[in-house]
Amino acid sequence: MNVSHYLEFEDVVTGGIRESVRNQRKMLAELDIEYAQTPRLDADVLHLNLMGPRSIYYAKRARRRGIPVVIHTHVTAEDFGDSFRFTNVLSKPLRPYLEAAYELGDVLVCPSEYNRRLIETYVETETTVITNGVDREKLEGFETLRSEYLRRYDLTPPVVFLVGHVIKRKGLRTFVETARRMPGLDFAWFGPLDRSLKGRSTRRLIERSPENCTFTGYVDDIRGAYAAGDVFFFPTHEENEGIALLEAMSAGKPVLVRDIETFSWLEDGHDCLKSDGPFEEDLERLNDPKLRERLGENAIRTSEAFTLPNTARRLRTLYEEVA
């Protein structure tokens with residue numbers, strides 16, 4: 001089998017989409033499925049990860065030639081808002097654009113059941129759920145970096161942390177204000193700041209954050225974030241799945257998430273804590289090392305279903321069904 005596995009704008013796309021594509025290609029290599037990273041019309045399957053104009057062009061041509069088109073639904077209008085400058089303005093016209101783009105697929109791959117329910121309000125195209133997955137090999141040895149990263153960012157355990165692009169949608173205001181109300185705890189957000197892409201209110205939240213709230217910027221070895229952090233605090237308002245959350249769970253970190261539909265697969269009090277906010281009471285509870293250990297151990301077990309070896313089988317099956 002030969003797959004054209006294409007990510008448009010690959011040179012500039014970062015964050016969860018890039019990580020998902022990286023995971024997919026690692027799985028394809030492990031499955032011994034031949035693939036090209038360019039859009040091609042001599043492949044058995046055309047798999048598109050971001051529906052820019054070039055992807056739409058090749059999807060239309062592939063359909064005319066009878067080549068099955070698989071499209072990942074990484075982007076929704078709901079997920080696009082409150083991200084970078086102008087994204088709120090663009091999110092409204094984005095939906096009809098995505099509806100037209102996703103209709104070009106033979107099958108749409110949704111990273112979660114929540115994402116699938118949302119996409120099914122866009123189009124009637126067939127959908128399937130395949131998690132973005134978590135690459136545990138990527139995190140191997142993270143524990144050895146703990147002292148270095150605590151020292152680098154002047155953090156005192158237990159550290160409340162988050163990993164990813166610093167954007168409002170992921171709960172930036174909540175993260176900052178919770179830190180302000182809990183001066184006895186260190187909060188650290190590991191991830192690119194991209195100040196030039198941020199709106200004024202986002203920059204203001206970062207610049208006026210309290211002393212116990214650290215924004216590290218880009219981290220050269222992301223394992224250091226999971227080494228330094230003790231409690232993964234994810235007050236996001238909208239998420240298609242959340243790869244950083246899966247990584248934190250795989251690293252055995254207790255997680256505190258906003259109680260939104262995306263995280264319905266998590267069990268409050270078993271492999272996470274959930275809250276609609278405020279979050280101070282739950283963070284106080286997580287000062288207990290025994291609770292952190294129990295939640296972290298259960299998180300590891302839950303995350304097993306999302307590992308790449310388990311996910312790869314579903315990806316192979318999808319290709320075999322459409323080809």
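The values are calculated or read from the model by the stated rules, or taken from the named source; none is laboratory data. Note that this is a predicted model, so its numbers are computed, not measured. Here the Cβ is made from the backbone with ideal geometry for all residues, glycine too, and neighbour counts use every protein chain on show.
The C-beta contact set for the range 120-139 (first residue basic (Lys, Arg), second residue at pLDDT 95 or above and in a strand (DSSP E or B), distance under 9 angstrom, 6+ apart or interchain) comprises Arg136/Thr307. Would you confirm, using the coordinates I've provided, whether Leu98 is buried (at least 17 other Cβ atoms within 10 Å of the Cβ) and over 23 Å from the mean Cα position of the chain (by Cα)? No; evaluated as a whole, the condition is false for this residue. Can you work out which of the residues in the range 280-313 that are basic (Lys, Arg) and surrounded by fewer than 17 Cβ atoms within 10 Å (Cβ to Cβ) is modelled with the lowest pLDDT? Among them, the one singled out is Arg313. Counting only residues that are surrounded by fewer than 24 Cβ atoms within 10 Å (Cβ to Cβ) and small (Gly, Ala, Ser), which one in the range 243-258 is farthest from Arg136 (Cα to Cα)? Among residues in the range 243-258 that are surrounded by fewer than 24 Cβ atoms within 10 Å (Cβ to Cβ) and small (Gly, Ala, Ser), the one farthest from Arg136 (Cα to Cα) is Gly252. Among the conditions (1) closer than 29 Å to Asp288 by Cβ; (2) in contact (Cβ under 8 Å) with a residue 60 or more places away in the chain, the only one that Pro192 does not satisfy is (1).
Kindly indicate the residue of the range 149-201 that is within 14 Å of Phe233 (Cβ to Cβ) and among the β-branched types (Val, Ile, Thr) and also nearest to the chain's Cα centre (by Cα) among those meeting that condition. Taking the candidates together, the pick is Val163.
Since Arg85 meets every condition but one in (1) assigned to a helix (DSSP H, G or I); (2) over 21 Å from Phe263 (Cα atoms); (3) at pLDDT below 95, which condition does it not meet? Against the list (1) assigned to a helix (DSSP H, G or I); (2) over 21 Å from Phe263 (Cα atoms); (3) at pLDDT below 95, Arg85 comes up short only on (1). Counting only strands (runs of 3 or more DSSP E) that fall entirely inside the range 5-79 and contain at least 2 residues that are in contact (Cβ under 8 Å) with a residue 40 or more places away in the chain and touching a strand residue (DSSP E or B) at 6+ places or on another chain (Cβ under 7 Å), the qualifying elements are 45-48, 69-72. Annotation note: Cβ proximity below 6 Å between a residue of the range 272-298 that is closer than 22 Å to His237 by Cα and a residue that is surrounded by 15 or more Cβ atoms within 10 Å (Cβ to Cβ) and of a type in the set (S, T, N, Q) (sequence gap 6+ or interchain) occurs for Phe279/Thr178; Asp282/Ser275. Quick check on my filter: what residues within the range 133-160 are of a type in the set (Asp, Glu) and part of a helix (DSSP H, G or I)? Result: Glu137, Glu143, Glu148.
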